[in-house]
Amino acid sequence: MSAEIFLQFDFPSILLGSLAALCCGLLGNFLVLRRQSLMGDAISHVVLPGIVLGFLITGTLDSLPMMLGAGFAALVSVGLIELVRRLGKVEPGAAMGVVFTSMFAAGVLLLEQTGASGVHIDVEHALYGNLESAIWLEAAAWGDLLRPEILATLPVSVLRLVVVNMAVIAFILAFYKELKLVSFDPLFADTLGISSKLVGTLLIVMVAVAAVAAFDAVGSILVIAMFICPAATARLLTDRLSTQLVLSGVVAFSSGIIGYVFAAFGPVWLGHDMSVSAAGMIAVVAGLIQVVAMVFAPRYGVIARRRMQRA
Amino acid sequence: MTFLESFLNALMLSAGYNTAVVAIGSALLGAGSGAVGAFVLLRKRSLVSDAMSHATLPGVVLGFLTGVWLFGDGRSLPLLLAGAALTAGIGMICVDWIKANTRLTEDTAIGTVLSTFFALGMVLLTVLQSLAISGQAGLSGFLLGSTSGMLSSEAMTIAAAAGIVALIVLALFKEFALLCFDEDFAGSTGLGVRRLDIALLTLLLAVVVIGLKTVGLVLVIALTIIPPVAARFWTERVSRFVPISAAIGATGSYVGACLSASAPDLPTGALIVLILFALFAVSMLVSPVRGLMSSLLRHRRFQKIVHLRQGLLAVAHDEPILEPITRKLLIKQRYLTGDLRPTEAGWSAARRIDRDQALWNLWREEYPDEAHALADWSLKPIDEVLSPDMVADLETRLAPHDAANAAGGAA
């Protein structure tokens, strides 16, 4: 395969997948520690009514109104979940289940009733994403990776994810101490004058931003997987939050690369002239890495635990 | 025929044989999932169904492929559902395994299973597409559910399976109730906690799989979560909670299925979920037991009693009344005049309340344990709460007390 074809068709998709994986994977650490893993699930489902609404109001398929709509829907859902949890006095999981299924259903109905489904938005696209469609026609040779004027012609979705990744990293660095405290000991954090509610809300806002930026490229399911699997893997490998963050980032980013390569080239290696869903394969790879960690992790893996129990 | 007419026709089961069977099947499905979901909510495991429903996708694709391989056609509902049940069951076992054997919590286990299993399904779907086998378009119906074009034999299968689930729940009702409220005791009965839990999760799995075709795998968990959460607003007792949840599930599914049959472009799954959500919202607002409006009214009534009482005690002790709400209430009851002077009625009410408060204070001194056990003591007149003998006894004992605490005893 020539460098040109790789750069034009595979490289942008790999970047998209890995960058989406990275920003979700990093934030996922705090969701996993705070037992809010499924917040990512809920938020990436309510993105659907948000984009439909954005489309209906503006009538365009531009990314901006749709992302604003998605962000708005995400925040509404977070508020509603809190409301149902308090008023209904039910566990957070059930409250989430009520809210995100209802909002998703509203999105589906809107889509069917307004005929928006005829123009490119559809549920399957929102779930599966469209990773493979990213192209970078200006690139011709490896040297282009070092030329800023050519790099600037990368697809907008890639550039957007670069910005979101920088924002996520800046957020984690700026609030590292607070995030650490509210993740491990929210009560103690409150006594220190750190409002765990405020930090928790900021975290959810960042989760919504990452989910919205990522879902357009990779679909809801990969977003959910990336909020959870890399962080869960890293959690099994270390007790230090800083190490966990780095590990989860490495796992997320490399799942993006490995998953894409398996999806695009794996079937060819096996002698079939086809490719399979890249977003799906990336999530499967992240899941497999987590399985390896669950079994073989040095201290918290199943084998190590069995051995420790016997000793 | 207008939309309303066709909707009413569907509701009355007179919009054709197929529509009627689908509506009845949906209602049975809603009842079964409402009942199972109620117990699952009490076990605090509602979102396990989310992992299960997403884990059905690879199974559905495998079921399709098996059908193609066996009969040359993949669209056999029993095979598709069997495949769905198989992978959903594996997903359920994975959730439990991760929870029991690693340091990861249940929410993380659920998220892991739902996303990786669903992603595996996506990969398999793209494999299927490249094989160019006919009839795969039907598979997308499993994503969002659809009853249009459902064969009546399929609807019958769904209705029968849902009916069986409902019967099993009925048979195991007592055991499940024990499991939720008295785990230790449930463990000592014949079946054991572990086996009961497995039975409950298996029933949950069954409703998720049965609901796939009607509601779709993204939304089917709503059938098991929204009815019980809505039912919680209506009762505190499990013997009513489960039937109410089943009734809400049945009503929502029945009305949703009928609505969807009344006009084109009305997706069944989404409508059922939205009707269920409407029932939930109504329950939350107007239920007399735990609804918002009744809690608000109760709060207002409580507030009024407290303010009136404190205001009259202040009148009795000639203290100024600072709270604007208290002033307004006292004026409205004509205990105070507009310029805040006590009326004749105000004086006598104040004396009565002061006496009442003194009796309450004495009772609290004499019987601290009982006072501790009685919530909201001293908000009602004492003779409405304690026995006449007790009140008479306190009255006689209050006389010498009065001399000692001439100032009286507003606490």
Inset, instruction - Note down the net charge around A:GLY79, summing +1 for each Lys or Arg and -1 for each Asp or Glu among other residues with Cβ under 15 Å from its Cβ. - result: +2
Inset, instruction - Please sort by residue number the trypsin sites (Lys or Arg not before Pro) in segment A:83-184 whose DSSP state is loop and whose Cβ has at most 13 other Cβ atoms within 10 Å. - result: A:LYS89
Inset, instruction - Starting from the Cα coordinates of chain B, work out the convex hull volume and express it per residue in Å³. - result: 232
Inset, instruction - Among A:SER2, B:GLY89, A:VAL212, flag the residue with its Cα farthest along the positive direction of the charge dipole of the protein assembly as shown, charges on Cβ as +1 for Lys/Arg and -1 for Asp/Glu. - result: B:GLY89
Legend entry - Whole-number percent relative contact order across chain B, with pairs defined as alpha carbons under 8 Å at least 6 apart: 20
Inset, instruction - Would you look at the GNM of chain A, springs on alpha carbons closer than 10 Å, and say which of A:LEU179, A:LEU192, A:LEU247 moves the most? - result: A:LEU192
Legend entry - Whole-Å distance, taken between Cα centres, linking segment B:57-131 and segment A:236-285: 20
Legend entry - Size of charge dipole - the protein assembly as shown - debye, nearest 20, with Cβ of Lys, Arg +1 and Asp, Glu -1, no other charges: 960
Legend entry - Convex hull volume per residue for the protein assembly as shown, taking Cα atoms only, in Å³: 246
Legend entry - Potential lengthening between B:ALA399 and B:SER134 on full extension [0.36 nm per residue; Cα-Cα distance subtracted]: 85.8 nm
Inset, instruction - Taking the Cβ of A:GLY69 as the centre, find all other residues whose Cβ is under 14 Å away and add up their charges (Lys, Arg: +1; Asp, Glu: -1). - result: -2
Legend entry - B:HIS307, B:HIS299 arranged by Cβ crowding within 10 Å, fewest neighbours leading: B:HIS299, B:HIS307
Inset, instruction - Name the residue, out of B:GLY145, B:GLY74, B:GLY346, whose mean-square fluctuation peaks in a Gaussian network model built on chain B with Cα pairs under 10 Å. - result: B:GLY346
Inset, instruction - Starting from the coordinates of the alpha-carbon atoms of chain A, obtain the Kirkwood hydrodynamic radius over all distinct pairs and give the value in Å to one decimal. - result: 20.4
Legend entry - Likely footprinting exposure, A:VAL250, A:VAL168, A:VAL163, A:VAL284, fewest C-beta neighbours within 10 Å first: A:VAL163, A:VAL250, A:VAL168, A:VAL284
Legend entry - Mean Cα-pair separation over length for segment B:294-404, i.e. relative contact order, pairs under 8 Å, 6 or more apart, %: 20
Inset, instruction - Specify the residue with the greatest mean-square fluctuation among B:THR157, B:THR224, B:THR268, computed from a Gaussian network of chain B linking alpha-carbon atoms under 10 Å apart. - result: B:THR157
Inset, instruction - Can you grab the distance from the C-alpha centre of segment B:170-243 to the C-alpha centre of segment B:8-42, Å, no decimals? - result: 18
Inset, instruction - Considering the options B:ALA270, B:SER294, B:LEU329, tell which one lies farthest towards the positive end of the dipole of segment B:246-366, charges being +1 on Lys and Arg and -1 on Asp and Glu at the Cβ, about the Cα centre. - result: B:LEU329
Legend entry - Summed residue charge, Cβ within 12 Å of B:ALA263's Cβ, Lys/Arg positive, Asp/Glu negative: -3
Inset, instruction - For segment A:75-218, just say rounded, prolate or oblate: build the C-alpha gyration tensor, square-root its eigenvalues into a ≥ b ≥ c, call rounded for a/c under 1.5, and beyond that prolate if a/b exceeds b/c, oblate if not. - result: oblate
Legend entry - Residue order, fewest to most surrounding Cβ atoms within 10 angstrom, among B:ASP197, B:ASP265, B:ASP339: B:ASP339, B:ASP265, B:ASP197
Inset, instruction - Take segment A:184-223, compute every pairwise Cα distance, and split them into 10 Å bins from 0; I just need the percent in each bin. - result: 29, 32, 23, 15, 1
Inset, instruction - Calculate the length of the line joining the C-alpha centroid of segment A:56-114 to that of segment A:131-168, in whole Å. - result: 31
Inset, instruction - Report, in order of residue number, the helices in chain A meeting two criteria: a C-alpha extent of 24 Å or more along the helix axis, and a mean Kyte-Doolittle hydropathy of at least -0.5; treat each whole DSSP H run as one helix. - result: A:11-33, A:37-58, A:63-88, A:92-114, A:156-174, A:196-218, A:220-237, A:241-269, A:278-296
Inset, instruction - Amide H neighbours of B:LEU336 under 5 Å, at least 5 residues apart or on other chains, H built in the peptide plane: list them. - result: B:ILE331, B:THR343
Inset, instruction - Could you sort out which of B:LYS304/B:LYS380; A:LYS177/B:LYS44; A:LYS89/A:LYS177 sit more than 22 Å apart by Cα distance in this structure? - result: A:LYS177/B:LYS44; A:LYS89/A:LYS177
Legend entry - Reciprocal mean inverse distance between Cα atoms of segment B:1-121 - Kirkwood radius, Å: 16.7
Inset, instruction - Would you be so kind as to identify all helices of chain B, as entire DSSP H runs, whose Cα atoms reach 15 Å or more along the helix's own axis and whose mean Kyte-Doolittle hydropathy is at least 0.5? - result: B:17-42, B:48-71, B:77-101, B:106-131, B:152-171, B:193-215, B:220-231, B:238-262, B:268-286
Legend entry - Rg to Rh quotient for segment A:1-125, alpha carbon positions, Kirkwood Rh: 1.07
Legend entry - Helix-only mean residue ellipticity at 222 nm for chain A, each DSSP H run of n ≥ 4 adding -39500 (n - 2.57), per residue, nearest 500: -25500 deg cm²/dmol
Legend entry - Average Cα contact separation per residue, segment A:3-310, under 8 Å, 6 or more apart, as relative contact order %: 30
Legend entry - Dipole magnitude of segment A:3-310 about its Cα centre (Cβ charges: Lys, Arg +1; Asp, Glu -1), debye to nearest 20: 1720
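Just so you know, all these numbers are worked out from the coordinates, no wet-lab data involved. For clarity, every value in this text was computed on a predicted model and none was experimentally measured. When we count neighbours, we look across all protein chains shown, and the Cβ atoms used for this are built from the backbone with ideal geometry, even at glycine.
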